[in-house]
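A.B. asks: This is the structure I have questions about; it appears just below.
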Amino acid sequence: MALPLMPKATAVWMVEHTTLTFEQVAEFCGLHKLEVQAIADGEVAQGINGLDPTLNGQLTSEEIKRCEADPRGRLKMVKSDLPQPVARTKGARYTPVSKRGEKPDAIAYLVKNFPDLLDAQIARLLGTTKDTIAKVRDRSHWNASNIKPQNPVLLGLCKSADLEAALKRATRRVAREEAAGGKPAKKGFAAKASSNDSAEGFVSTPSNQQDDQPDIDHDAMERSLG
């Protein structure tokens, strides 16, 4: 339910100028019943001037009278024709100052555990820049020695749902690229193990190359050394 403009000032006016119950005033203004009672007792909102909701078109006198006559009635706000503010869904994510120092840790975690994520996806998730991601990745960041990978969800830098959505998009992109290149898509734990190896800086030898390695004659080696 939408709240009136300046709810506490509206509650002060209703307590002073109407016979509405504390429950009715509390529900309309989005306050607790005990807070409205404290306003009536003069313990809360001292010095606040009451705001008449009928003057700004949020409530009608008829609606107030209707609810005064019926203690169980609930006030209904007048519908406004003015455009309502739209919640912002795009753009850079704001990060509190206290959390900004943890971004390199979150970047290191994503780079290490989810190498399929594009830098643009990481930047969007954490509200950082591609330049910072590159420096964390190649360990040229000014604080590289103190960076410790930490889950950005646990740090409060992004939502779990946003991270899962980004991972699904990355998985679909990798599958399309592998299908276009004629390579079988990696699945399950094998794909994660392979990505983790590369993230740690280890390169595994393909199985077909391992089969081609020549056999070592240990007897001949011992004779040459002897």
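A.B. asks: Fewest to most neighbouring Cβ within 10 Å: what's the order for C158, C29? Please list the in-between numbers first.
C.D. replies: Numbers: C158 21, C29 24.
Neighbour counts put them in this order, fewest first: C158, C29.
A.B. asks: Can you give the extra length, in nm with one decimal, that the chain gains between N56 and A180 once fully stretched, where that is 0.36 nm per residue apart less the Cα-Cα distance?
C.D. replies: Numbers: separation 124, 0.36 × 124 = 44.64 nm, distance 6.22 nm.
Stretched out fully, the N56 to A180 stretch lengthens by 38.4 nm.
A.B. asks: State the extension gain, in nm to one decimal, for the chain segment bounded by R74 and D131, taking 0.36 nm per residue of separation less the distance between their alpha-carbons.
C.D. replies: Numbers: separation 57, 0.36 × 57 = 20.52 nm, distance 5.56 nm.
Stretched fully, the R74-D131 segment lengthens by 15.0 nm.
A.B. asks: Pairs K33/K65; K8/K79; K33/K99; K8/K99; K79/K159: which exceed 25 Å Cα-Cα?
C.D. replies: Details: K33/K65 20 Å; K8/K79 20 Å; K33/K99 37 Å; K8/K99 33 Å; K79/K159 34 Å.
Violating the 25 Å Cα-Cα cut-off are K33/K99; K8/K99; K79/K159.
A.B. asks: Next question, about the same structure. Taking the Cα centre as origin and putting +1 on Lys and Arg beta-carbons and -1 on Asp and Glu beta-carbons, what dipole magnitude results for segment 7-69, to the nearest 20 debye? Kindly include the intermediate steps, with their values, before the conclusion.
C.D. replies: On the way: 4 positive and 10 negative charges, 17 e Å.
Dipole about the Cα centre, nearest 20: 80 debye.
A.B. asks: Give the order of I48, I147 when sorted by the count of other beta carbons within 10 angstrom, beginning with the fewest.
C.D. replies: Neighbour counts put them in this order, fewest first: I48, I147.
A.B. asks: In debye, nearest 20, what is the charge dipole magnitude of segment 100-161 about its Cα centre with +1 on Lys and Arg Cβ and -1 on Asp and Glu Cβ, if you could check?
C.D. replies: 80 debye
A.B. asks: If amide hydrogens are placed 1.01 Å from N in the peptide plane, which non-local residues have theirs closer than 5 Å to the one on L31?
C.D. replies: Those qualifying (amide H under 5 Å, at least 5 residues apart or on another chain) number zero.
Computed from the coordinates by the stated procedures, all read-outs in this text should not be read as laboratory data. Just so it is clear, the model here is predicted, and its values are computed rather than measured. Cβ atoms come from the backbone with ideal geometry, glycine included; neighbour counts cover every protein chain shown.
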